[in-house]
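**Student:** Structure provided below as structure tokens; questions to follow.
Please treat every number below as a calculation from the coordinates, not as lab data. Please read all numbers here as calculations on a predicted model, not as lab measurements. Here Cβ is always computed from backbone atoms with ideal geometry, including for glycine, and neighbour counts include all displayed protein chains.
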Amino acid sequence: AQWLFHGPLFQCIDRIEGQAERDMVAWLKVSSPKRCLAGDPPGEWLADPIVLDGGLQMALIWARQTLDITVLPSSFEGVELFRPLAAAEEIVCHLQVVEVVSPQSVVYSMYFTDPEGKVFAVIDRIQATGSRGLNRLAGHQHQRKGGEGDS
């Protein structure tokens, strides 16, 4: 987590259970519209933006530990949502590195499950590009005044 630059609202990685050469597993905390949006919006998330970003943060951690670069996503091939991500209190995110294209480019896929392994969503073939120069972002949290909408 020392390599992340996300503010408190986007800090949803509860714990990392394991990391290997080409994969990582972490538990993520779900969010709610009431916590993220002004006012008192009704309902639940269909696709929780905080959880989805938590998966992308996992890729940043994996790349920093493995390649010593900070990566940022630039594209993805597809997203499949099988059921709302708000259906559980915790989500398990599985990151699988498909290919290390170059020292600055990685392709990975993520799938999100409940603790029993039932799949909520899959994001396929995310392209991420990075550099050691971006490592300087670590430790800097960007917060807006008043704490609302921290990212």
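**Student:** Which FRET efficiency value, to the nearest 0.05, is calculated for A20 and L46 with the Förster distance at 35 angstrom and r the Cβ-Cβ distance? Show your work: numbers first, answer last.
**Tutor:** Numbers: r = 31 Å, r/R0 = 0.89.
Efficiency at R0 = 35 Å is approximately 0.65.
**Student:** Would you give the gap between the C-alpha center of the range 85-128 and the C-alpha center of the range 40-83, rounded to a whole Å?
**Tutor:** Here the two parts' Cα centres lie 8 Å apart.
**Student:** Under a plain spin-label model, where a point goes 7 Å from the Cα along Cα-to-Cβ, how far apart in nm are S75 and V98?
**Tutor:** Here the answer is 1.1 nm between the modelled labels.
**Student:** Sticking with this structure for a sec: Residues in the range 75-105 near a label at K34, defined as backbone nitrogen under 17 Å from the 7 Å Cα→Cβ point?
**Tutor:** From the range 75-105, the list is 86-90.
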